[in-house]
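**Student:** Input: one structure, supplied below.
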Amino acid sequence: MHLSVLDLTPVRTDQSTSNAVAATMRLAKIADDLDYTRYWVAEHHNIPSVAATSPAVLTAMIAAATSRIRVGSGGVMLPNHAPLAVAEQFALLEAAHPGRIDLGIGRASGADLVASTVLRGGRGDHGNQGLNDFPDNLSDVVALLGNAGVSVQLPDRDYLLRSTPCAVSRPRVYVLGSSMQSAQVAAAKGLPYVFGHHLFGEHTDEALAHYRSQFVPSEFADQPTAFLTVNAVVAETHDEAMALILPYLRLQAHTATGHPPARLELVEDAEQSTLTPQQQRVAQGELSRAVVGTPAEALGQLRQLADRFGVDELMLNPVASSRRGSAAASAPGREVTLRLLADAASAK
């Protein structure tokens, strides 16, 4: 069972964007030192609690600051970008850090309707066209990353497009998703599939089963390859792990019940607040699919997930907040999660 990290660069109430990015850089270096397999960063827009708006920029920063771990996007939201721009960014990253770059691609927007429209140049389709074009745009990205490139038919001739003038290697491409549609695309393209179990856990079994049954071998994968993402908080005691995840649960519960987006609370502030019955149900749902507890408890939960869903790799989204007085440019709860899990896994 391989362990990796998915990082949204969360922003706490005691942090600036600079602090949050600094905390992500610290966490990435720790993951590198602890032999985690890969470190991916997300793409979200106009969300106060998430500083990860540009996966290519963060990937470049993290790859330059680490030495071994694979680095990439989890993921680039393709409807927001031209395929050539995505391919050029990640081809250049691969040229700078050969053999270490992953390109995870998603079909959602990672943004609200207004931000999505602005990202797409003012088009008012609210993402429908981007979703419909996703399979073709994904194929273009994959082709542009290779030396063969993509042939564009002009009225008088064919025009060859490549993402880089002389590629020696290409990034690994993964399809991200949390639906049957994304599983179908990944299977048809013969690409590895990463299911966002940390987002929605209702259809994990069905999506992975569909992906495996419909998988078409390709030059990128000769058999189905599936990962799972999961929210995780690990501490020395179960009670402390529950305290550290409470701000995240409250944030998700408030957002799901129509409250304006906000930054991640500190533990002490979250402990002084209450949730409505509806919010409590949302929080309980989030907690039920997260990995929370002591190192032994968390490792057992991860093994159960790996066995249940038949995956060889789990990507941890460390969602622990911090207590008052923590250094703003650090994320001690997230750091402890990675350290304790790595120690527990190596001891086994």
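The values are calculated or read from the model by the stated rules, or taken from the named source; none is laboratory data. From a predicted model like this one, the values you see are computed outputs, not experimental measurements. Cβ sites come from the backbone with ideal geometry, for glycine too, and all protein chains shown count toward neighbours. With ligands, DNA and RNA removed, areas are computed over all heavy atoms of the protein, side chains included. Shrake-Rupley method; radii C 1.70, N 1.55, O 1.52, S 1.80 Å.
**Student:** Looking only at the stretch 1-32, count how many residues are among the charged types (D, E, K, R) and either touching a strand residue (DSSP E or B) at 6+ places or on another chain (Cβ under 6 Å) or farther than 21 Å from residue 68 by Cβ (or both).
**Tutor:** 3
**Student:** For the stretch 25-58, give me each residue that is among the β-branched types (Val, Ile, Thr), free of Cβ contacts under 8 Å to residues at least 60 places away in the same chain and either open to solvent by 50 Å² or more (accessible area, probe 1.4 Å) or in contact with an Asp or Glu (Cβ under 6 Å, 6 or more places away or on another chain) (or both).
**Tutor:** Passing the criteria: 41, 53, 57.
**Student:** Filter the stretch 60-90 for residues that are open to solvent by 10 Å² or more (accessible area, probe 1.4 Å) and assigned to a strand (DSSP E or B) and give the result.
**Tutor:** Across the stretch 60-90, the qualifying residues are 70, 74, 77.
**Student:** Here's a follow-up. When you scan the stretch 96-200 for strands (runs of 3 or more DSSP E) that lie fully inside it, which ones turn up with 2 or more residues that are open to solvent by 20 Å² or more (accessible area, probe 1.4 Å)?
**Tutor:** The strands (runs of 3 or more DSSP E) meeting that bar are 150-153, 158-161, 172-177.
**Student:** To continue, here is another question. Search the stretch 184-211 for residues that are touching a residue at least 40 places away in the same chain (Cβ under 8 Å) and pair each with any residue that is crowded, with 22+ Cβ neighbours inside 10 Å and charged (D, E, K, R) when their beta-carbon atoms are under 8 Å apart and the residues are at least 6 apart or on different chains.
**Tutor:** Every condition considered, the pairs that remain are 185/107.
**Student:** Another question, then. So in the stretch 59-77, with the set limited to residues that are modelled with pLDDT of 95 or more and of a type in the set (Gly, Ala, Ser), which one is nearest to the chain's Cα centre (by Cα)?
**Tutor:** In this case the residue turns out to be 74.
**Student:** Please find, among 220, 195, the residue that is aromatic (Phe, Trp, Tyr) and at pLDDT below 95.
**Tutor:** 220
**Student:** Got a sec? Which helices (runs of 4 or more DSSP H) wholly within the stretch 243-348 have at least 1 residues that are open to solvent by 60 Å² or more (accessible area, probe 1.4 Å) and closer than 22 Å to residue 38 by Cα?
**Tutor:** 295-309, 332-347
**Student:** Additional query: Picking from 236, 240, which residue would you name as being surrounded by 15 or more Cβ atoms within 10 Å (Cβ to Cβ) and on the phi < 0 side of the Ramachandran plot?
**Tutor:** Sole residue among the options that is surrounded by 15 or more Cβ atoms within 10 Å (Cβ to Cβ) and on the phi < 0 side of the Ramachandran plot: 240.
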